[in-house]
Amino acid sequence: MTESTTLYCYVHPSRETSLRCNNCNRPICVSCAVRTPTGYRCRECVKSLLKTFDTAEWYDYISGFIVAALLSGVASFLVTLVGRIGFFGWLIIAFGAPTVAVMIAEGVRRVTGRRRSRALFITVAAGVVFGALPMILFQAFFTGNLFGILFQVIYLVIAVPVVYSRLSGIQLFR
């Protein structure tokens, strides 16, 4: 008759378990186990695996933010001009904002050398918002143009998710 030893989770020593991480072979309880396509892993192994995909350097955050802010500032100025058109401007913004967002994302990709990091994607999205802020503030305090402010908001609502998804590789449709 074989004698089995009782395993205890390495994070929670009071919990009995029969699971092991398929990478490091440490015993893990159900609350510590992360299900992957190849089996259960501990959180530390999953974190170390995810870090291999983050390739961004420290200067990518600065250059990505600056490029996104500059290109977004130009786009925001163009949105201000389109805001004076009236109703036809809605169509231009609806079709133009995703195109501009793709151009911003490709500009950032070129500057950062296609390096990746979730924090980089968030920094670039913040750069898009920061680049549009001067035109929003100008219209809010100096011109009072409600359509211009509304168009800026529509531009940001469309452009920020498109830039983020384009850089991160999220695909809604295949």
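The values are calculated or read from the model by the stated rules, or taken from the named source; none is laboratory data. Just so it is clear, the model here is predicted, and its values are computed rather than measured. Neighbour counts run over all protein chains shown; Cβ positions are idealised from the backbone, glycine included.
How many residues does segment 96-115 hold that are crowded, with 17+ Cβ neighbours inside 10 Å and in contact with a Lys or Arg (Cβ under 8 Å, 6 or more places away or on another chain)?
Count: 2.
Determine whether PHE121 is in contact with a Leu (Cβ under 6 Å, 6 or more places away or on another chain), under 23 Å from TYR59 (Cβ atoms) and in a helix (DSSP H, G or I).
So PHE121 passes the test.
Determine whether segment 9-28 contains at least one residue that is surrounded by 15 or more Cβ atoms within 10 Å (Cβ to Cβ) and of a type in the set (Asp, Glu).
Taking every residue of segment 9-28 in turn, none turns out to be surrounded by 15 or more Cβ atoms within 10 Å (Cβ to Cβ) and of a type in the set (Asp, Glu).
Determine whether GLY127 is out of contact with any His (no Cβ under 7 Å at 6 or more places or on another chain), in a helix (DSSP H, G or I), in the same structural domain as LEU71 (by TED's automatic domain parsing) and at pLDDT 95 or above. Full working, then the answer.
Values: out of contact with any His (no Cβ under 7 Å at 6 or more places or on another chain): yes; in a helix (DSSP H, G or I): yes; in the same structural domain as LEU71 (by TED's automatic domain parsing): yes; at pLDDT 95 or above: yes.
Yes.
Given the conditions (1) in contact (Cβ under 8 Å) with a residue 60 or more places away in the chain; (2) in a helix (DSSP H, G or I), report the number of the one that ARG115 does not fulfil.
(2)
Here are some conditions: (1) among the hydrophobic types (A, V, I, L, M, F, W, C); (2) within 30 Å of VAL153 (Cβ to Cβ); (3) not assigned by TED's automatic domain parsing to the domain that holds GLY148. CYS29 meets all but one. Which one does it not meet?
Of the numbered conditions (1) among the hydrophobic types (A, V, I, L, M, F, W, C); (2) within 30 Å of VAL153 (Cβ to Cβ); (3) not assigned by TED's automatic domain parsing to the domain that holds GLY148, the odd one out for CYS29 is (2).
With more than 30 Å from ASN145 (Cβ to Cβ), in contact with a helix residue (DSSP H, G or I) (Cβ under 8 Å, 6 or more places away or on another chain) and touching a residue at least 12 places away in the same chain (Cβ under 8 Å) as the only criterion, which of SER63, SER76 stands out?
SER63
I need the full set of residues from segment 49-68 which are of a type outside the set (Asp, Glu), more than 30 Å from TYR10 (Cβ to Cβ) and assigned to a helix (DSSP H, G or I), in order please.
If the condition is that a residue be of a type outside the set (Asp, Glu), more than 30 Å from TYR10 (Cβ to Cβ) and assigned to a helix (DSSP H, G or I), then TRP58, TYR59, TYR61, ILE62, SER63, GLY64, PHE65, ILE66, VAL67, ALA68 are the ones that fit.
Would you mind telling me which numbered condition in (1) in a helix (DSSP H, G or I); (2) surrounded by 12 or more Cβ atoms within 10 Å (Cβ to Cβ); (3) within 19 Å of the chain's Cα centre (by Cα); (4) not polar (S, T, N, Q) VAL46 fails?
Going through the list (1) in a helix (DSSP H, G or I); (2) surrounded by 12 or more Cβ atoms within 10 Å (Cβ to Cβ); (3) within 19 Å of the chain's Cα centre (by Cα); (4) not polar (S, T, N, Q), VAL46 breaks only (3).
Out of all the residues in segment 116-162, which are basic (Lys, Arg) and loosely packed, with under 15 Cβ neighbours inside 10 Å?
Passing the criteria: only ARG118.
Does segment 69-93 hold any residues that are surrounded by 15 or more Cβ atoms within 10 Å (Cβ to Cβ) and part of a loop (DSSP other than H, G, I, E, B), and which are they?
GLY83
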